[in-house]
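Encoded as structure tokens, the structure appears first; notes follow it.
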Amino acid sequence: MDTETKVDLIKSFAEEIITEDELRKLFETNSRPIAYDGFEPSGKIHIAQGILRAINVNKMTKAGCKFKMLVADWHAWANNKVGGDLEKIQIVGKYFIELWKQTGMDTRNVEFVWASDYINDNNYLKTLMQIARNSTVNRILRCSQIMGRSESDNLQASQVFYPVMQCADIFQLKVDICQLGMDQRKVNVLAREIGPKIGFYAPVAVHHHMLMGLGEPPKVDGTTEKAIAMKMSKSNPDSAIFMQDSEEEIKRKISKAYCPAKIVEDNPILEYCNYIIFEKVNKLKIERDKKFGGDLVVKDYKELAKIYSKGEVHPTDLKNSVAKELNDLIKPVREHFEKNKKAKELYETVKKFDITR
């Protein structure tokens, strides 16, 4: 795969690249760059964390990247997830990894790295101190949105230090490309600015689109702020499809989702089609009554957006098709945790944990 093909592949899912020229140069000089994403083990996994993450990771590995998935157990501990119980957090981390293996993620080229494996490394601790010494408290507080908080929250001291840890992770893992959501951009920009000052480098930042929640989107200005405000939430189960939702739950959530007729922009059902369904299938069958023209077979998202905006597809008919496709994608994951004894025991254990924001 030549350089331009690799760049185009990354651009196919990236909402922002800082910078495209640096990404191009990286591919020209490094045949096996290291990319990474990280996750806090907390609660259930929704479809954006499950299937969409696998889609994006697979595009990175297809472009030749070695991918490191950071199991941010200490970060979740600092952020008081799962009641601030590190042992339980690590069990949830194992559940996340087990689930991703069922999503089609290219695990041959993905290395799962636990923060707890290097948290006491002297080099890591030195990098933490270098970043902290070259940052102001106000600058770090502005990064608090990366952990689902805001500057106005009454933060614990551990949460204030969280962005410093995430910044240090990048250099500890020798990351060339930070491939995270738009809500993580502030800490990636911090790493780009501080890295060269403390003897490291400025990593390329690739920020992917954040799948919006199923409810009506709030009116928010600013690209990053809008992405955060509109995203699905674990604290509101009806705002997202989760990876082990039953067929009935999927149908119910999709049926009540925001999907105004003829409106394509900020339409969560259309987003599911664009970022998930058409990434996994090459056609979408929409069943319609004969008096409305009969069944349709749509071959790509561009075609779907065009006919939907003209009113040729009713929201209910589209929702029914989307619910069916989503269930087909999730069904193998759901069945794995029902039929595999070890996986089932792991999930049953996680379900008993108290999930904290």
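Since every read-out is calculated from the coordinates, none of them should be taken as a lab result. Computed from a predicted model, the values in this text were never measured in an experiment. When we count neighbours, we look across all protein chains shown, and the Cβ atoms used for this are built from the backbone with ideal geometry, even at glycine.
Quick notes
- When the alpha carbon gyration tensor of segment 226-338 is reduced to an equivalent ellipsoid, its three semi-axes come out at 23, 17, 13 angstrom, largest first.
- When every Cα-Cα distance of the chain is counted in 10 angstrom steps from zero, the calculated P(r) takes the values 5, 23, 33, 25, 11, 2, 0, 0 percent.
- Ratio Rg/Rh, restricted to segment 1-138 and using Cα atoms, in which Rh is the Kirkwood radius: 1.01
- Computed on the chain, with alpha-carbon pairs under 8 angstrom and 6+ residues apart, the relative contact order is 18 percent.
- For the peptides 283-290, 68-75, the ranking by packing is 68-75, 283-290, with the highest mean count of neighbouring Cβ atoms within 10 Å listed first.
- R0 of 51 Å, Cβ-Cβ distance residue 161-residue 291: FRET efficiency to nearest 0.05: 0.20
- To the nearest ten degrees, helix 157-172 and the longest principal axis of the Cα atoms of the chain are 90 degrees apart.
- Within segment 42-84, backbone nitrogen closer than 14 Å to the virtual label 7 Å beyond the Cα of residue 111 toward Cβ: 65-71
- By average C-beta atoms within 10 angstrom, highest first, the peptides 191-203, 261-273: 261-273, 191-203
- Computed FRET value (nearest 0.05) for residue 312 with residue 335, which takes r as the C-beta separation and R₀ as 35 Å: 0.50
- Residue order, fewest to most beta carbons within 10 Å, for 342, 331, 59: 342, 331, 59
- Counted charge near residue 311, where neighbours are those whose Cβ lies closer than 13 Å (Asp, Glu -1; Lys, Arg +1): +2
- Residues 31, 116 arranged by fewest to most Cβ contacts within 10 Å: 31, 116
- Note on residue 3 and residue 31: the model spin-label points, each 7 Å out from Cα along the C-beta direction, lie 1.6 nm apart.
- Stretched out straight at 0.36 nm per residue, the stretch from residue 174 to residue 352 would grow longer than its current Cα-Cα span by 60.4 nm.
- Along principal axes, Cα extents of segment 65-116, largest first, whole Å: 32, 20, 13
- Here 1, 210 are placed in order of increasing Cβ neighbour count within 10 Å, fewest first, which gives 1, 210.
- Two-site FRET efficiency, residue 142 against residue 256, from Cβ-Cβ distance with R₀ of 56 Å, rounded to 0.05: 0.95
- You can think of it this way: the chain between residue 193 and residue 118 has 24.6 nm of extra reach, that is 0.36 nm per residue less the Cα-Cα gap.
- Remark: segment 223-351 carries a charge dipole of roughly 140 debye about the Cα centre, counting +1 on each Lys and Arg Cβ and -1 on each Asp and Glu Cβ.
- Between helix 20-29 and the chain: long-axis angle, C-alpha atoms, 0 to 90°, nearest 10: 70 degrees
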